[in-house]
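The values are calculated or read from the model by the stated rules, or taken from the named source; none is laboratory data. From a predicted model like this one, the values you see are computed outputs, not experimental measurements. Counting neighbours? That spans all protein chains shown, and the Cβs are built from the backbone with ideal geometry, glycine included. We work out accessible area using only protein heavy atoms, side chains counted, and drop any ligands, DNA or RNA first. Shrake-Rupley method; radii C 1.70, N 1.55, O 1.52, S 1.80 Å.
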Amino acid sequence: MGKRYHVTTFGCQMNVHDSERMRGMLESLGYEEASSRDGADLILFNTCSIRESADNRFVAHLGEAKRLKSEHPDRVVGVGGCWAQSVKDEVFQRFPFVDVAFGPGQIHKLAEFLNSDSLSAQGYFEFEDFSASLPTLRVREFQGWLQVSQGCNCKCSYCIVPSTRGREVSRDPAQLVAEAEALAADGVREVTLLGQNVNSYGRDLPKETRIGFSGLLGRIDAIDGIDRIRYTSPHPKDMKEDVIRAHAELPALCEHIHLPLQSGSSAVLKRMRRTYDRQRYMDRVSLIREHVPDCAITTDIIVGFPGETEADFEQTLEVVDEVGYDGAFTFVFSPRRETEAAELGEQVPHPIKVERMERLVELVQARAAEQAQRFVGREIEVLVEGTSRTDETRLRGRTRHNKAVNFDGEAEPGEFVNVEISVATSQTLSGVAAKPLSRLL
Ligand code: 5AD
Ligand code: SF4
């Protein structure tokens with residue numbers, strides 16, 4: 001029997017995509033996927049380091065890998081991704097049972113290791129170009145990722161990513177278009193463009209091939225078969241009018257913008273080194289509302305950044321109330337190694353962070369629930385993903401606004417159906433399927 005592998009993925013969509021590429025590469029090397037870790041010859045972790053909780057979660061899993069390795073010393077344990085990059089060679093000191101460690105995106109290095117008969121532990125942490133030639137095994141055949149750039153040139157004072165993923169490098173537009181065409185030919189209906197700061201795409205490209213992010217969106221929109229385009233995550237400082245207009249003009253580009261706020265206080269934003277203030281952020285929101293009135297807007301918010309006062313926090317609440325987000329990811333500030341914010345004095349006491357978080361979540365949910373009522377009574381296009389998580393007699397899918405929908409009806413994953421929405425909560429919509437869309441016929 002061939003060798004078996006098992007991958008556990010932590011962190012963002014970039015990691016989900018990297019894991020798909022790991023799977024594709026391993027299968028091309030003759031490996032098969034094992035359903036659990038104890039059935040695997042190769043145990044892999046694709047790690048995240050964005051907050052301390054991410055580190056802790058992963059280290060607990062590593063304990064199991066240690067036990068499995070001691071039962072079968074031939075097993076290979078590999079650790080890739082941002083946590084591995086952020087602690088580098090320390091991995092082998094702290095966890096001597098790890099055989100191979102590599103930074104984010106360096107999946108080809110894993111292949112090199114597996115093909116090398118290497119007996120000693122290996123670490124691969126040089127930043128390199130994106131290796132585009134790897135096969136990919138997608139989680140869902142009708143949804144695909146397209147990594148448009150790697151790295152990040154921002155200096156957000158709380159964030160570990162610039163140190164784990166290096167400087168920003170945009171990929172060649174012709175290569176990206178070819179990759180998107182190949183995805184479409186392979187049955188992908190919805191593509192998500194990925195980058196740490198996706199809308200600064202293109203600035204570093206040579207003059208002859210340079211296009212900006214809106215140009216890239218236009219070229220992908222023109223590909224037959226791609227019915228939906230999403231992207232994540234943009235930076236408000238680079239959210240220019242051309243990208244916002246593209247949401248109104250390009251048929252495939254979804255009516256959803258994730259616009260990370262982080263804080264509503266200009267003083268805090270300054271210490272975060274976000275390079276916009278509350279007013280400029282709100283100007284972006286107004287521009288979105290002007291060009292794409294029905295656009296869903298979601299965000300990321302950090303509470304308890306060092307020095308955040310009650311008045312600062314109240315400004316965050318004000319912005320949440322004014323914008324009326326369709327949803328928000330909320331995080332308690334977590335000091336990260338070698339970041340500027342970890343060194344700032346004035347850390348906010350834990351009970352205050354928790355209390356602020358509760359108030360924030362309450363307001364986010366209340367406003368999201370109010371916003372969601374605009375969908376009730378409408379017939380909305382849903383891309384079917386499978387059965388509902390809570391009721392297996394129902395189906396589940398997503399709208400262009402990125403709302404999850406549970407509905408009654410019959411359809412296969414990957415199909416588009418129209419759903420009449422009858423109930424809306426802060427998180428999900430519910431309804432009944434109407435007639436199939438004509439584009440399916
Ligand atoms: N502490 C808490 N949240 C953080 N994020 C990034 N770094 C930290 C940190 N040190 C959040 C930001 C970012 C999201 C992906 O994670 O809100 O947008
Ligand atoms: Fe985690 Fe950030 Fe790395 Fe994604 S880029 S895996 S969120 S640390």
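Out of the residues in region 320-332 meeting the condition of being closer than 18 Å to Tyr158 by Cβ, hydrophobic (A, V, I, L, M, F, W, C) and touching a helix residue (DSSP H, G or I) at 6+ places or on another chain (Cβ under 7 Å), tell me which one is nearest to ligand 1 (Cβ to nearest atom).
My answer is Val332.
Could you look through region 37-61, keep only residues that are away from ligand 2 (no atom under 16 Å from the Cβ) and either farther than 22 Å from Ala111 by Cβ or assigned by TED's automatic domain parsing to the domain that holds Phe331 (or both), and pick out the one that is modelled with the lowest pLDDT? Steps first, answer last, please.
Keep residues of region 37-61 that are away from ligand 2 (no atom under 16 Å from the Cβ), which gives 37-43, 60.
Imposing the further condition that a residue be either farther than 22 Å from Ala111 by Cβ or assigned by TED's automatic domain parsing to the domain that holds Phe331 (or both) reduces the set to 38, 60.
Details: Asp38: 94, Ala60: 87.
Among those that are away from ligand 2 (no atom under 16 Å from the Cβ) and either farther than 22 Å from Ala111 by Cβ or assigned by TED's automatic domain parsing to the domain that holds Phe331 (or both), it is Ala60.
Could you list, in sequence order, the residues of region 156-172 that are touching a Cys at 6+ places or on another chain (Cβ under 6 Å) and more than 13 Å from ligand 1 (Cβ to nearest atom)?
Glu168
Would you confirm whether or not region 392-406 contains a residue that is open to solvent by 50 Å² or more (accessible area, probe 1.4 Å), more than 16 Å from ligand 1 (Cβ to nearest atom), closer than 26 Å to Ala433 by Cα and modelled with pLDDT under 95?
So far as region 392-406 goes, yes, one or more of its residues are open to solvent by 50 Å² or more (accessible area, probe 1.4 Å), more than 16 Å from ligand 1 (Cβ to nearest atom), closer than 26 Å to Ala433 by Cα and modelled with pLDDT under 95.
Test Pro293 against the criterion of being under 30 Å from Glu415 (Cα atoms) and assigned to a loop (DSSP other than H, G, I, E, B), and give yes or no.
When the stated conditions are applied, Pro293 passes them.
When you go through (1) of a type in the set (A, V, I, L, M, F, W, C); (2) open to solvent by 30 Å² or more (accessible area, probe 1.4 Å); (3) within 25 Å of Phe313 (Cα to Cα) one by one for Val423, which number turns out not to apply?
The one condition Val423 does not meet is (3).
Can you list the helices (runs of 4 or more DSSP H) lying wholly within region 1-97 that have 3 or more residues being more than 16 Å from ligand 1 (Cβ to nearest atom) and in contact (Cβ under 8 Å) with a residue 60 or more places away in the chain?
Numbers: elements: 13-28, 52-71, 82-87, 90-94.
Once the helices (runs of 4 or more DSSP H) in region 1-97 are filtered for at least 3 residues that are more than 16 Å from ligand 1 (Cβ to nearest atom) and in contact (Cβ under 8 Å) with a residue 60 or more places away in the chain, what remains is 13-28.
Mind listing whichever residues of region 230-280 are in contact with an Asp or Glu (Cβ under 7 Å, 6 or more places away or on another chain) and surrounded by fewer than 21 Cβ atoms within 10 Å (Cβ to Cβ)?
Scanning region 230-280 gives His247, Leu250, Pro251, Ala252, Glu255, Pro260, Ser266, Ala267.
In region 217-236, which residues are within 17 Å of Arg289 (Cα to Cα) and either in contact (Cβ under 8 Å) with a residue 60 or more places away in the chain or more than 17 Å from the chain's Cα centre (by Cα) (or both)?
Across region 217-236, there are no qualifying residues.
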